[in-house]
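Just so it is clear, none of the values below were taken in a lab; they were calculated from the coordinates. Fair warning: this is a prediction, and the values are worked out from it, not measured in the lab. A quick note on method: Cβ atoms are made from the backbone with ideal geometry, for glycine too, and the neighbour counts reach across all protein chains shown.
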Amino acid sequence: MASILEIGGEHISSVLDGDAESLRSLFATRLAVWGKPYAHEEFVTVGLFDDVEQNIESHVAFSLIESAADIALNQQNGSALVCAITLLQSLVAATHTTEVPVALKSSYPKLVASAKALGSIEATNQLASLAGHYRHAL
């Protein structure tokens, strides 16, 4: 079985360079092919965006948070929203800071409303976890 991290691999280097369009393409490709936030591969569980989180520089991750929030805001169903928030969480973790990006602060209430409107308890829980990362400053 091929790893989910091979899906959309052609976009990774551009994402790691901070290209927002490549981030959108990577998300769309992985969503279309896999569509779940995790995969159980052999003896390990792999997150859909673990490769990004583990390889991106902190300042680049910070710069892509606005794009990731926008990706999440444009999802029309609960499972896609969960995957988009997983991407957002991966970038937030990779920033290694609790400084709240201005764009995330303004989009967070919309994300919460979207999760509730779609009836996604998992997305709502992910967003609560994200708020916890920022010490509930969102």
Going by the alpha-carbon gyration tensor, a ≥ b ≥ c the square roots of its eigenvalues, is segment 35-109 rounded (a/c under 1.5) or, if a/c is not under 1.5, prolate (a/b greater than b/c) versus oblate? oblate
Residue-averaged 222 nm ellipticity for the chain, from DSSP H runs of 4+ at -39500 (n - 2.57), nearest 500: -20000 deg cm²/dmol
How would you rank 102-108, 79-85, highest first, on the average number of other Cβ atoms within 10 Å across their residues? 79-85, 102-108
I need the phi-derived Karplus couplings for segment 70-86: 6.51 cos²θ - 1.76 cosθ + 1.60, θ = phi - 60°, integer Hz, Gly and Pro marked x. 5, 4, 4, 5, 9, 7, 10, 9, x, 5, 5, 5, 4, 5, 5, 5, 4
Work from the charge dipole of the chain (Cβ charges, +1 for Lys and Arg, -1 for Asp and Glu, about the Cα centre) and give the residue of ILE121, LEU48, VAL60 farthest towards its positive end. ILE121
Read through the labelled values (i) 27; (ii) 54; (iii) 23 and report the label of the one computed as percent of Cα pairs over 24 Å apart from the structure. (iii)
In whole Å, how far is the Cα centre of segment 72-115 from that of segment 26-59? 15
Return the long-range amide H neighbours of GLN75 (sequence gap of 5 or more, or a different chain), with a cut-off of under 5 Å between placed amide H atoms. none
Using θ = phi - 60° and the Karplus relation 6.51 cos²θ - 1.76 cosθ + 1.60, list the HN-Hα couplings for segment 4-10 in order, rounded to whole Hz, with x at every Gly or Pro. 5, 6, 7, 5, x, x, 5
Magnitude of the Cβ-charge dipole (Lys and Arg +1, Asp and Glu -1) of the chain about the Cα centre, nearest 20 debye, reported as 720
